Amino acid sequence: MSRMGDVLAGHHSRWEFDTDSVLIRFERGIRTPKLFQVLGERRVPYEALRSVTLEPGGRKGTVVLHAVPRPGADPLVDAAAGQLRQAADPYRLALPAERETLADYYATELRSALAPQAGEDCASYLVPAPAAPLQFKAYDGKVSFDGKVVSFRWFWTGASSAKWKAGDQSFPVSELAGVEWRSPEIAGGHLRLHRRGPDGAPEQTGGPADQDPAAVVFGLGYGLVHESLPLAASVLEAVQAAEPVDAPVADGRDRRGPRADPADIAERIRHLGELHKAGLVTDEEFTAKKTELLAEL
């Protein structure tokens with residue numbers, strides 16, 4: 001890879017290349033996506049990457065260096081499950097078009113540094129999740145995670161009678177099989193915890209999130225991406241660290257990360273369509289992401 005200390009600075013972040021990893025440092029300016037500000041910086045081993053591309057940017061006069069992590073390499077990406085807008089994707093570095101030649105050089109260098117198993121899922125996470133303790137306010141309760149236990153404390157102004165009847169909830173990581181995060185930028189946004197049954201398999205869950213004591217619902221101004229997604233990723237990382245190697249996770253996939261499932265891809269495309277209809281993604285972003293999702297089938 002490039003010499004230690006090489007730096008490529010773009011919009012909202014700068015990538016510092018080392019012999020075995022890239023350190024992504026995010027700006028803290030008012031125009032920087034809040035998720036980036038919360039993340040601060042992330043060290044990504046080259047073995048965590050699946051592919052690297054250089055493509056035209058969404059804004060005229062820009063190019064984007066896009067590194068795609070391997071499934072199962074990054075708990076933040078796994079938790080997001082394709083729901084992040086391109087502008088909030090920490091693996092996209094937007095640059096002025098006049099720096100395209102330099103960006104192409106680094107893209108080539110990164111590709112040469114990819115591991116032989118780049119096309120395979122990761123058996124364990126290689127990029128650290130945001131560190132606990134973390135917390136945020138949902139519409140119906142406060143969520144907190146101390147690294148070992150996820151706690152829900154209901155708000156009387158928003159919690160359903162079913163949740164009040166169940167009372168405040170505490171979920172030790174050792175009892176969890178997975179986390180389901182549905183973006184607050186999509187209708188029905190929520191965070192749901194999937195518990196592990198006596199046999200170690202995920203318990204079947206269903207019904208609306210507002211009636212499930214193992215879930216909190218988002219809403220306008222609640223459960224914002226930069227608040228709820230880092231917590232979901234941190235819990236997901238802790239669940240993987242606590243579970244047996246061969247234990248199944250909540251959605252039926254193995255611990256190595258998501259696999260292409262037609263029903264899941266269809267749901268993610270539907271979510272993407274909702275974002276597009278709401279004007280949260282451009283026509284170009286919608287087409288590009290839909291193409292990526294279909295390629296996973």
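The values are calculated or read from the model by the stated rules, or taken from the named source; none is laboratory data. Keep in mind it's a predicted model, so treat the numbers as computed, not measured. As a convention, Cβ positions derive from the backbone with ideal geometry for all residues, glycine included, and neighbour counts pool all protein chains shown. Side chains included, ligands, DNA and RNA excluded: accessible areas come from the protein's heavy atoms. Shrake-Rupley method; radii C 1.70, N 1.55, O 1.52, S 1.80 Å.
Which lysines, if any, have their Cα less than 17 Å from the Cα of Lys163, not counting same-chain residues under 8 positions apart?
Counting by Cα, and skipping residues close in sequence, Lys163 has these lysines nearby: Lys137, Lys142.
Through the Karplus equation 6.51 cos²θ - 1.76 cosθ + 1.60, θ set to phi - 60°, convert the phi angles of segment 53-59 into ³J(HN,Hα) values in whole Hz; use x for Gly and Pro.
10, 10, 9, x, x, x, 9
Multiplying the sequence separation of Lys290 and Gln135 by 0.36 nm and subtracting their Cα-Cα distance, what value in nm do you get?
Once the chain is fully extended between Lys290 and Gln135, it gains 52.6 nm.
At 1.4 Å probe size, with the rest of the protein present, what percent of the exposed accessible area of the chain is carbon and sulfur atoms?
Carbon plus sulfur share of accessible area: 53 percent.
Would you mind working out the accessible area per residue for the chain, using a 1.4 Å probe, and quoting it in Å²?
Result: 49 Å² of accessible area for each residue.
List, in order, the whole-Hz ³J(HN,Hα) value for each residue of segment 167-180 obtained from phi through the Karplus relation with A = 6.51, B = -1.76, C = 1.60 and θ = phi - 60°; use x for Gly and Pro.
Rounded to whole hertz, the list is x, 4, 10, 9, 10, x, 4, 4, 9, 9, 10, x, 9, 10.
Over segment 46-152, what is the relative contact order in percent, taking alpha-carbon pairs closer than 8 angstrom and at least six residues apart?
Dividing the mean separation by the residue count of segment 46-152 yields 31 percent.
Kindly express, to the nearest 10 degrees and within the range 0 to 90, the angle between helix 100-113's C-alpha long axis and the longest C-alpha principal axis of the chain.
So the helix axis and the longest Cα principal axis differ by about 70 degrees.
If you wrap segment 86-134's Cα atoms in a convex hull and average its projection over all directions, what's the area in nm²?
Dividing the Cα hull surface by four gives the mean projection, 5.6 nm².
In debye, nearest 20: dipole of the chain around its Cα centre with unit charges on the Cβ of K, R (+) and D, E (-)?
Result for the chain is approximately 780 debye, rounded to the nearest 20.
Looking at Pro116, Phe218, Leu65, which one has the Cα that reaches farthest to the positive end of the dipole of the chain (charges on Cβ: Lys, Arg +1; Asp, Glu -1)?
It is Phe218.
Could you run the Debye sum over the Cα atoms of segment 13-137, one equal point scatterer each and no solvent, and tell me log10 of I(q)/I(0) at q = 0.13, 0.17, 0.19 Å⁻¹, two decimals?
-0.53, -0.92, -1.16
Would you work out the relative contact order for the chain, in percent, from Cα pairs under 8 angstrom that are 6 or more residues apart?
Result for the chain is 17 percent.
From the Cα gyration tensor of segment 196-241, with a ≥ b ≥ c the square roots of its eigenvalues, which class applies: rounded if a/c is under 1.5, or else prolate if a/b is larger than b/c, or else oblate?
oblate
How about Lys277: which lysines have a C-alpha closer than 26 Å to its C-alpha, ignoring those fewer than 8 places off in the same chain?
Partners within reach: Lys34, Lys60, Lys289, Lys290.
Would you give the gap between the C-alpha center of segment 99-131 and the C-alpha center of segment 40-85, rounded to a whole Å?
9 Å
Of the residues Pro130, Pro69, Pro33, which exhibits the maximal mean-square fluctuation in a Gaussian network model of the chain defined by a 10 Å Cα contact cut-off?
Result for the chain, Cα springs under 10 Å: Pro33 fluctuates most.
Specify whether the C-alpha gyration tensor of segment 39-113 places it in the rounded, prolate or oblate class, a ≥ b ≥ c being the square roots of the eigenvalues: rounded for a/c under 1.5, otherwise prolate if a/b is larger than b/c and oblate if not.
Judged from the Cα gyration tensor, segment 39-113 comes out oblate (a/c at least 1.5, b/c at or above a/b).
Looking only at Arg195, Arg70, Arg111, which one moves most when the chain is put into a Gaussian network model with springs between Cα atoms under 10 Å?
Arg111
Sorting check: for 120-128, 230-238, which peptide has the highest mean count of neighbouring beta carbons within 10 Å, and how do the rest follow?
230-238, 120-128
Under a 10 Å cutoff between Cα atoms, tell me which one of Lys148, Lys137, Lys60 has the largest fluctuation in the Gaussian network model of the chain.
For the chain, modelled as a Gaussian network with Cα springs under 10 Å, the answer is Lys60.
Based only on Cα atoms, what Rg/Rh ratio does the chain have, Rh being taken as Kirkwood's radius?
0.97
With θ set to phi - 60°, apply the Karplus curve 6.51 cos²θ - 1.76 cosθ + 1.60 along segment 74-80 and write out the HN-Hα couplings as whole Hz, x wherever there is a Gly or Pro.
Values, residue by residue: 10, x, 5, 5, 4, 5, 5 Hz.
As a check on your grasp of the helix formula, calculate [θ] at 222 nm for the chain: sum -39500 (n - 2.57) over DSSP H runs of n ≥ 4, divide by the residue count, round to the nearest 500.
Helices in the chain give a 222 nm mean residue ellipticity of -8000 deg cm²/dmol.
Starting from the 7 Å offset along Cα-to-Cβ, what nm value, one decimal, do you get for the label separation of Ala201 and Ala241?
Inter-label distance under the simple model: 2.9 nm.
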